[in-house]
Amino acid sequence: MCSHKGEKYNRGSRGVHLEEDEVAERAVQGRNGYSESRARVPKTIETFALCETISASPASVKKLLHFVEQSKRLHFAEQSLLLWTRPKSALGLDLEQRQLWKNVNKAGRQGYQYLFKSLNRSSSNFSNFNSPKPLPHTRSRVLLSPFAITFSSRLLGMDSTGQEYQHRPLMIKLWPPSQSTRLMLVERMTKNLTTPSIFSRKYGLLSKEEAEEEANHIENVAFTTATQHFEKEPDGDGSSAVQIYAKESSKLMLEVLKRGPKVKEDGELLTEKAGSETLFDISGATRNFISGEQAAELLKPLRGPNSYTKICFSNRSFGLDAAKVAEPILLSVKDQLKEVDLSDFIAGRSEAEALEVMAIFSSALEGCVLRYLNLSNNAMGEKGVRAFCSLLKSQNNLEELYLMNDGISEEAAKAVSEFLPSTEKLRVLHFHNNMTGDEGAIAIAEIVKRSPALEDFQCSSTRVGSEGGVALAEALGACKHLRKIDLRDNMFGAEAGVALSKVIPVFTDLSEIYLSYLNLEDDGTEALANALKESAPTLEILDLGGNDITVKGAASVAACISSKQFLTKLNLYENELKDEGAVLISKALEGGHGQLIEVDLSANSITWSGAKPVAEAVMGKPCFKLLNINGNFISNEGIDELNNIFKNSPDMLGPLDDNNPDGEDTDEDAEEDADHDELESKLKGLGI
């Protein structure tokens, strides 16, 4: 923390008393990864990735605000990051200045979040930037940034006396990154590649040695690509090179995660070792029934001493004979297990046999300390949940629980809520595609209330109506760390939408929200859009499709979109926006939104008048890949114009095979009703 005279300045774990000018002198002497060539910059405070907080007097703050107003040079959201400062006290600022200060502070936080998210998208340690306290100054965060911003303390006259004011140019150097910064990026990627995740459970976990090798390769490729780009614009500030560096690193790291380690394949058995973590997975082969003899052969590696901590029996159907073979083997390894995947492991069995198999597995695994449990795709219902009673009751440390497509009814949901003894550590809870209903949703809401660490919640396609939706919304208010909410395909209605809008402000880390086909209409949509506008600064995916939104609701949605500069996907399909609503959305997308990848405005009764501004708004986005405006009323001439707009990037324009150039709805139900009426009229008067 850098502050006024006499206050402490902490760098890493050390703390010494330094005056501001002395701090500035040290900052330009090549410390903390800076090049010596920067030493000619006069007395600067160098801010790494906006982690450092500069406490200034009200007089200095006023000068900063005056500079922002007068120069109009600090385009926070568009330039991705800028200096974030915070005064120790707002005393002495008038109302207008306080509001401007609030905007400066918010923009600074958003800028930092952009960079951190770009380089560390798979990291689970993402800070809460709305905290009223200054961010901790830790070395790991400081060196993550591939560059530093040089900000002159004399530029704004922020000296210790607060008496001078000089208007000098803002000096920014964005490329290239220092060697220490590059090494720290490699270290961070290595950590991400060796950390258990949804990818590692599916593709396997890399060893530390392989991860280090891959991370070094990724960083070298990304650095070379960005440098080549930078050399083509030597007079630029390097901001585009920084974005390429971040995007290329993220893209290549994701490819490695999806590829997985270099796995040795031996018949149908796949094993992957990474330090003390080992996965035993028999799900890779063709889905089939397993006999007792086959189970004995498949599970042979689990017999005797081993270090397996994860097992995946998914995609194999265990009968009673196979379950009895598996029982003693599971008993022998259960104390070392951390993750168990039993999804889709009784397919095709009779109800009686399936229930007995589930009870055998539950009894064998009772007492194991799991962090991950997947029981999806087993059509369990209440009987199946009760068959797993002993396993569920013994779980106090679950972090991830998946019960998707399990026929979870009202009674089954109540049983799950009853059996789980503790969900304090639960981070992921998925209930997709069940028949829960309102009463079941109320039972699930009780689980949610007891899960303060929840980050990812899915309760989509569960037949939940307004009452259950309100219960879920209110329960989610206890989960302040939510990053992803998926409530799609339910019958919430406007009332549940309004209830959800009231808790939205607590989700400061929210990055994905899926609210399509909830029957929100304009009232529910407006409430949610207005709430999102003032919160969730790093929202990436917004899905409001199929909610009967008209131009009335489009105004609030557009205002929300305008404030979400990190959006990657926007789904507004199957609404009633029409041309006027489409124009509002296009205007919201015109400025910024450099990360936008996909926009879906299909089936919105849009003509060429609405399609044109949308196409023009997304065409220049650097990351944009797909515009879907199919199923609208665009004329044939309009289609030709659209193809002309996307002539250099034809893949960006989605198919238009369902477009109706005549501008009329093709309502099959209406046609059937008309045919029925015609038939009835012909039958009238017919004698029998």
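Each value in this text was obtained by applying a stated rule to the coordinates, not by laboratory testing. Since we're looking at a predicted model, the values are computed, not measured. When we count neighbours, we look across all protein chains shown, and the Cβ atoms used for this are built from the backbone with ideal geometry, even at glycine.
Per-residue extension of 0.36 nm, minus the Cα-Cα distance of N660 and N530, leaves a gain of 43.5 nm for this segment. Extending 7 Å from Cα along the Cβ direction at K300 and again at K625 yields two label points whose distance is 4.3 nm. Taken along its principal axes, the alpha carbon cloud of region 282-439 reaches lengths of 46, 32, 24 Å, longest axis first.
Return the subset of K578/K621; K232/K484; K533/K625; K251/K564; K258/K334 for which the Cα-Cα distance in this structure is over 32 Å, preserving the input order.
Details: K578/K621 23 Å; K232/K484 39 Å; K533/K625 25 Å; K251/K564 22 Å; K258/K334 28 Å.
From K578/K621; K232/K484; K533/K625; K251/K564; K258/K334, over 32 Å: K232/K484.
Here the Karplus curve 6.51 cos²θ - 1.76 cosθ + 1.60, taken at θ = phi - 60°, turns the phi angles of region 651-663 into couplings of 5, 6, 9, x, x, 10, 5, 9, 6, 10, x, 7, x Hz, with x standing for Gly and Pro. Near the amide H of S394, within less than 5 Å, lie the amide hydrogens of G367, all on another chain or at least 5 residues away, with H placed in the peptide plane.
Shape of region 569-650 from its Cα gyration tensor (a ≥ b ≥ c, root eigenvalues): rounded if a/c is under 1.5, otherwise prolate when a/b > b/c, or oblate?
Values: a/c = 1.66, a/b = 1.17, b/c = 1.42.
It comes out oblate by the Cα gyration axes.
Here region 491-637 is treated as a sphere whose radius is the Kirkwood value from Cα pairs; by Stokes-Einstein at 20 °C and 1.002 mPa s it diffuses with a coefficient of 144 µm²/s.
How many angstrom lie between the C-alpha centres of region 422-467 and region 175-234? Their Cα centres are 36 Å away from one another.
For region 440-567, state the semi-axes of the equivalent ellipsoid (square roots of 5 times the eigenvalues of the alpha-carbon gyration tensor), sorted largest first and rounded to whole angstrom. Walk me through the numbers on the way to the answer.
Working: eigenvalues 88, 61, 24 Å².
In descending order the semi-axes read 21, 17, 11 Å.
Compute the signed sum of charges (Lys and Arg +1, Asp and Glu -1) over the other residues within less than 13 Å, Cβ to Cβ, of F388.
Value of the local net charge: -2.
Rounded to the nearest Hz, the phi-derived 3J(HN,Hα) couplings of region 545-560 under the Karplus curve 6.51 cos²θ - 1.76 cosθ + 1.60 (θ = phi - 60°) are x, x, 10, 6, 7, 9, 4, 4, x, 4, 4, 5, 4, 4, 4, 5, where x marks glycine and proline.
Calculated FRET efficiency, R259 and E616, Cβ-Cβ r, R0 41 Å, to nearest 0.05? Please list the in-between numbers first.
On the way: r = 38 Å, r/R0 = 0.92.
For R0 = 41 Å, the calculated efficiency reads 0.60.
Pop the C-beta distance of E293 and E353 into the FRET formula with R0 = 25 Å and round what comes out to the nearest 0.05.
Details: r = 18 Å, r/R0 = 0.70.
Plugging the Cβ-Cβ distance into 1/(1 + (r/R0)^6) gives 0.90.
Of K393/K425; K310/K393; K338/K383, which ones are farther than 18 Å apart at the Cα? Over 18 Å Cα-Cα: K310/K393; K338/K383.
Inter-part distance, region 542-581 to region 303-348, computed on C-alpha centroids, equals 46 Å.
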